[in-house]
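Q: Handing you this structure, nothing more for now.
The values are calculated or read from the model by the stated rules, or taken from the named source; none is laboratory data. Since the structure is predicted, the reported quantities are computational estimates derived from the model, not experimental observations. Cβ: placed from backbone, ideal geometry, glycine included. Neighbour counts: every protein chain shown.
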Amino acid sequence: MEIIASLMQGILIALEPINLGLAIIGVIVGLFVGAMPGLGSVNGVAILLPFTFVIQSFTGGATSPMIFLASIYYGAMYGGAISSITLGIPGASTAVATTFDGRPLALAGKAHVALVAAALASFAGGTISNVMFTAFAPLLATVALSFGDPEVFALMLLAFATFVGLGGDDIPKTIFSICIGLVLATVGFDVVSGEPRLVFFDITGFSHGIRFLVLAIGVYGIGEMLWTINTSRYGSSMTNVDVTARAIIDAIKEFRHAWRGTVIGSFLGFFVGILPAAGATPGSLMAYGVAKLTSSDPKSYGKGAVDGVAAPEAANNSASTGAMLPMMTLGIPGSPTTAVLLAGMVIWGLQPGPLLFANQPDFVWPLIGSFYISNVVAVLINLAFIPVFLWMLRMPFTILAPLIFVLSLVGTYAAYQDMFDVWLMVLVGVGAFFLRLLDYPVAPAVLAIVLGPIAEPKLRQSLLFSDGDIMIFFNRPIAGPITVIAIVLILLPLFKLIRDKMRQTA
């Protein structure tokens, strides 16, 4: 009861005019930041961090500035889906999985269905994670601490297992695509020895590795644009969009069919989000893979499954709240964005950690209350502005293609201020286009380059700790079961392939 009373008091403070206004402004700014390719929540929060000193000078405390930054974080999680669905370009790495089914829905004239599903799934994921955050903060923080290197690697192995089947029934091509992604993930300096690896032609631009956003924008921006131009040479590719209020209401009703992906994304995303250094991107990708694995119609994924939009969107919003938990209870940021938020709290004289809830309740509970408020504000703004988002789809592709190209170039340069990454992004896009022409799936390669840099150091550190004994992944109480489940899931497509061959022979 004490927790509920504290939460109610925090919500009332978050609803004060100044805090509510900051939450609304923050969500709108976050939507723009999330939808703009190359920006994302990290850039948005970092760029606007100095502005919070102006807010603090008016409000006189740390609560209002933190509410503003947290609202930007929430809005950006929602906003990433907008450009993923309408343009096929992930606004941020957290929205890559949304592209898999959101874009096919948009091309089929059902962009409003995808946008409604993304908004409602984000709201559900945010609500469930907020409740779990409020009720189990100290307990979940302890669970996160019990995850060492072997446990995190086992979890990444499980993530790989969930998307082995993403490339369709052609297992060899899927494995080849995964291997390409893993090879690209190793470019740069070795994490243990410091030696350069795969620095092609001694080009110094490769020394920092191939950044994920460069790959994502290249594959889903340039690659998708070239593919659409190639497939629509003999006709217009402008999407037929004629959405009424009735169509939006029908799309809201249709969302009930996406409950399974929403539930999977909400709980899995929150759990992955609380793990330090994991974050929302692996959570959304894992949620998509698990939703597909457990679906009664997995072949519909990648072709416009509403569940394929709901699962990653619920996961990335849930993970964003989950990442706040270790930051506030342990002082350990769960994602790059929460690292910036942690810096802001320290600047304002707060000390995140186990004593924060006891020593600063006047700060903690209004902030948690603002999570609930921002979540409601974000879903309402998203649903209200769906006609504006759909306006982009009414443009002829002769206008849309140059716009996508310019957004991809500007977004990549804005993220890293490096022309080498811009040229590399274009090259990756052309390569992705040819892979699609040869009928190779590109999604597994994109996912591999996300998880590779997380999995490799955890694998090597675990083996160093155990003197090379691989049994460290099997004899630990948490890592063992996760590793066994991952191996079973990896071998499952092989078993199905053998079974189908035996049936054909019979």
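Q: So, in the range 275-290, of the ones that are modelled with pLDDT of 80 or more and hydrophobic (A, V, I, L, M, F, W, C), which residue ends up farthest from residue 316 (Cα to Cα)?
A: Ranking the qualifying residues of the range 275-290, first place goes to 290.
Q: Looking at this structure, is residue 127 surrounded by 24 or more Cβ atoms within 10 Å (Cβ to Cβ), of a type in the set (Val, Ile, Thr), touching a residue at least 60 places away in the same chain (Cβ under 8 Å) and in a helix (DSSP H, G or I)?
A: no
Q: Within the range 99-136, count every residue that is hydroxyl-bearing (Ser, Thr, Tyr) and closer than 18 Å to residue 252 by Cα.
A: 2
Q: Among the residues of the range 447-479, count how many are within 16 Å of residue 211 (Cβ to Cβ) and not in a helix (DSSP H, G or I).
A: Residues in the range 447-479 being within 16 Å of residue 211 (Cβ to Cβ) and not in a helix (DSSP H, G or I): 0 in total.
Q: Shifting gears a bit: Looking at residue 72, is it free of Cβ contacts under 8 Å to residues at least 60 places away in the same chain and either closer than 30 Å to residue 227 by Cβ or not aromatic (Phe, Trp, Tyr) (or both)?
A: So residue 72 fits the description; yes.
Q: Of all the helices (runs of 4 or more DSSP H) wholly in the range 131-250, which have at least 3 residues that are closer than 30 Å to residue 478 by Cα and at pLDDT 70 or above?
A: 149-162, 171-185
Q: What number of residues within the range 220-231 are touching a Phe, Trp or Tyr at 6+ places or on another chain (Cβ under 9 Å) and under 13 Å from residue 443 (Cα atoms)?
A: Counting residues in the range 220-231 that are touching a Phe, Trp or Tyr at 6+ places or on another chain (Cβ under 9 Å) and under 13 Å from residue 443 (Cα atoms) gives 2.
Q: If you take the residues of the range 64-85 that are among the polar types (S, T, N, Q) and at pLDDT 80 or above, which of them is farthest from residue 32 (Cα to Cα)?
A: If we take residues in the range 64-85 being among the polar types (S, T, N, Q) and at pLDDT 80 or above, then 64 is farthest from residue 32 (Cα to Cα).
Q: For residue 398, are the conditions met, namely being surrounded by fewer than 22 Cβ atoms within 10 Å (Cβ to Cβ), among the hydroxyl-bearing types (Ser, Thr, Tyr) and at pLDDT below 80?
A: yes
Q: Which residues, counting only those in the range 74-105, are in contact with a Pro (Cβ under 7 Å, 6 or more places away or on another chain), closer than 12 Å to residue 313 by Cβ and aliphatic (A, V, I, L, M)?
A: 96, 97
Q: Then there's this: Looking only at the range 107-130, which residues are of a type in the set (Gly, Ala, Ser) and either closer than 16 Å to residue 314 by Cβ or at pLDDT 85 or above (or both)?
A: Selection gives 114, 117, 118, 119, 121, 122, 124, 125, 126, 129.
Q: Would it be correct to say that residue 75 is of a type outside the set (Lys, Arg) and not in a helix (DSSP H, G or I)?
A: Spelling it out, it is not the case that residue 75 is of a type outside the set (Lys, Arg) and not in a helix (DSSP H, G or I).
Q: Could you check how many residues of the range 424-439 are assigned to a loop (DSSP other than H, G, I, E, B) and either touching a Gly at 6+ places or on another chain (Cβ under 8 Å) or buried (at least 19 other Cβ atoms within 10 Å of the Cβ) (or both)?
A: 0
Q: Answer yes or no: is there a residue in the range 438-456 that is within 18 Å of residue 173 (Cα to Cα), among the hydrophobic types (A, V, I, L, M, F, W, C) and more than 23 Å from the chain's Cα centre (by Cα).
A: Yes, because at least one residue in the range 438-456 is within 18 Å of residue 173 (Cα to Cα), among the hydrophobic types (A, V, I, L, M, F, W, C) and more than 23 Å from the chain's Cα centre (by Cα).
Q: Within the bounds of the range 39-59, is there any residue that is small (Gly, Ala, Ser) and outside any helix (DSSP H, G or I)?
A: So far as the range 39-59 goes, no, none of its residues is small (Gly, Ala, Ser) and outside any helix (DSSP H, G or I).
Q: Could I ask something else about it? Which residue pairs have Cβ atoms under 9 Å apart, sit 6 or more places apart or on different chains, and have a first residue in the range 365-384 that is closer than 16 Å to residue 11 by Cβ and a second that is among the charged types (D, E, K, R)?
A: From residues that are closer than 16 Å to residue 11 by Cβ, the pairs are 366/16.
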